[in-house]
Amino acid sequence: MHLKVHLFGAFQVFIDGKALALPASAVARSLLAYLFTYRNQPHLRDHLVGIFWSDTPEDQGRRRLSQAIWQVRRVFPSPEILILEEDRVQVNPTWDTWTDAGDFQRLADTPPEGGVDPVGWINSHTGLYRGEFLAGFYDNWALPVREQMRNLYLAAQAQLLTIHKRRGAHGLALPVARSLVREDPWNEENHREVMRLCHLLGQTGEALRQYEQCLHTLAEELGVEPSPETRALATEIGLQQASAEPPLVPTPARANTLPALERPDRLPLVGRKAELEEIVRRLEQAGRGEGGMVIVYGEAGIGKTRLMHELIRNAQWRGIPASWGRCYELTGPPSYQPLVEVLRHNLELLKSGILETLWQTEISRLLPELDTGKALPLLKPEEEQHRMLEAITRAFSALAGAGPLLVILEDAHWMDASSLAAIRYLLPRLPDMAILLVITARSEELIGEQAAAMAALESTRQPFRLELARLDLEASGRLIQHALNLGRPPTRFSSRLHAETEGNPFFLTETLRALAEEGLLFRDEHGAWSTQWDDSTEDYTELPLPGGVVQSIERRLERLPGAMQEP
């Protein structure tokens, strides 16, 4: 005789495939559900009385327990469904019994082993969850179990969502995100996930309708408005939609302040869609265990750092952590400087034992925090260098084994020779690691050994080369539009600034800032940004550029640390 028990959704019991009529009384049904939920252990009668009849005298509670047990036993073909002792009650452990909640808990407690497809495992796990635990039951014992099961389901779905996003399977990720919204509609992050995925899939209207759903849910059920992050996402999607801005998408306020240029990295990324999509595609490949390298070239101020910040946002959304290593303009930079920064960022993981003792001991020469207390034999200088290069490679391989990783090494035109050698040594093994290594460099400053090393990397045909060009007139206009919080790009004004800055994003934003500081760009009585030539000019040739504006930019540049002189 085979028992199949559904505890998710409606409580149902099947015997050899035939549905069983449950006990008539609610308390007997609840008792039966409780015994099936905890079927692998006996239960003291006093404990059961305390759960189901806590507000009645003890002797009366025991009589009611006996009545409920009688009701349970009589609906089964054999009364041996329960093992009854003087002080204990238990579902008969010799019966062939399966429960969906028990299987669900077992799968949650035993993550898949290596080689098992995590997507299939999670789908088999969450497929058991047909609805909330014992829907319609409001007994005190059932409520915490319901919340526990719900949290396990949400965690599994979130894990599945992350896997799909890492793999770039946005079409598979969207229904998972929608299921999270259905199960937890008050969590704004779930709504944002649906919005982002719809937008990535070209379903911009659906993305904005999801925002409207979020807006109504929060207003009607919690009496609150969406967070600034959710409103900003809706605004960004709305601005990128070709048609007119739909209702309920928040429009930015026109505050009487200077342009929002103190943090240009917070402005929307413009003119780099194709470049970002290409790097993200390779990031998703790394998420599937197919690593690689991208080298991003561009002049100072062209927006390499800004692109990297946007890449990190995309990586974090996919559940891929990012580590950043920077090179510095020093007479003699420390050996392996940017790589040490990356490894130090992952220090706790390296301390967890993922690295063999030999390689951890060697790496501790760069990271004393990893000291194993052991000493390695001395080798010839060239052998010592080879051992260090192998240790660095093993360390990155170990980090990749713990999960996909984005590594950004910035300003390679200042990179030390040791780091360049380590990257060259690491390169052949990258395709088998879940790592995307992105290197940025100013093409005009690549000279000497750095230029030779980068050329050697590219000669292997493994790295993907990306050259950032200056913004065209249309992209410059959109950047000015966002910087000044305008409804549309100011065509003539943009043309004038684009001609002067030649589309360099940093000089474009700094020029706007300087114009405002010089009083040449101001807000009129309606709060709109204006100049004194708006009504009389055809091409803004009267605007005094470069002159004092350039001097203002130069003064500002002199006050900035070197690392901040590029957006």
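The values are calculated or read from the model by the stated rules, or taken from the named source; none is laboratory data. This is a predicted model, so every value here is computed, not measured. Cβ: placed from backbone, ideal geometry, glycine included. Neighbour counts: every protein chain shown. For the accessible areas, the whole protein counts, side chains as well, though only heavy atoms, and no ligand, DNA or RNA atoms are used. Shrake-Rupley method; radii C 1.70, N 1.55, O 1.52, S 1.80 Å.
Once the chain from residue 55 to residue 288 is taken as fully extended at 0.36 nm per residue, the excess over their C-alpha distance is 78.2 nm. Measuring nothing but how far apart in sequence close Cα pairs (under 8 Å, 6+ apart) lie, relative to its length, the range 128-229 scores a relative contact order of 16 percent.
Compared with the direct C-alpha span, the chain from residue 187 to residue 119 gains 22.1 nm at full extension, assuming 0.36 nm per residue.
Taking R0 as 35 Å, what's the FRET efficiency between residue 213 and residue 106 from their Cβ-Cβ distance, rounded to 0.05?
It comes out at approximately 0.50.
On full extension, the segment bounded by residue 15 and residue 429 gains 143.4 nm, given 0.36 nm per residue less the C-alpha separation.
Computed from the C-beta positions of residue 467 and residue 330 and an R0 of 30 Å, the FRET efficiency is 0.65 to the nearest 0.05. Taking other residues whose beta carbon is less than 12 angstrom from the beta carbon of residue 197, and scoring Lys, Arg as +1 and Asp, Glu as -1, yields +3.
For the range 61-133, the convex hull drawn through the C-alpha positions has a volume of 155 cubic angstrom per residue.
Take every pair of alpha-carbon atoms less than 8 Å apart whose residues are at least six positions apart; their mean separation over the length of the chain yields a relative contact order of 12 percent. Taking the Cα centre of each part, how many Å lie between the range 44-121 and the range 277-322? Cα centres, the range 44-121 to the range 277-322: 52 Å. Which loop-located GluC sites (Glu not before Pro) does the range 278-384 contain, where loop means any DSSP state but H, G, I, E or B and the Cβ has at most 14 other Cβ atoms within 10 Å? Loop-located and lightly packed - 329, 356. Express the carbon and sulfur contribution to the solvent-accessible surface of the range 115-205 as a percent, rounded to the nearest whole number, probe 1.4 angstrom. Whole-percent figure for carbon plus sulfur exposure: 54. In the context of the full set of protein chains, residues of the range 336-424 present 43 Å² of accessible surface per residue (probe radius 1.4 Å, heavy atoms only).
The candidate values are (i) 1.01; (ii) 1.29; (iii) 0.94; the one derived from this structure for Cα Rg over 2.2 N^0.38 Å carries the label (ii). Per residue, the range 77-151 exposes 53 Å² of solvent-accessible protein surface, assessed with a 1.4 angstrom probe and all protein chains in place.
Placing pseudo-labels 7 Å out from each Cα toward the beta carbon at residue 47 and residue 372 gives an inter-label distance of 4.7 nm. Packing here is the average count of other Cβ atoms within 10 Å per residue, and on that basis the peptides 221-234, 400-413, highest first, run 400-413, 221-234.
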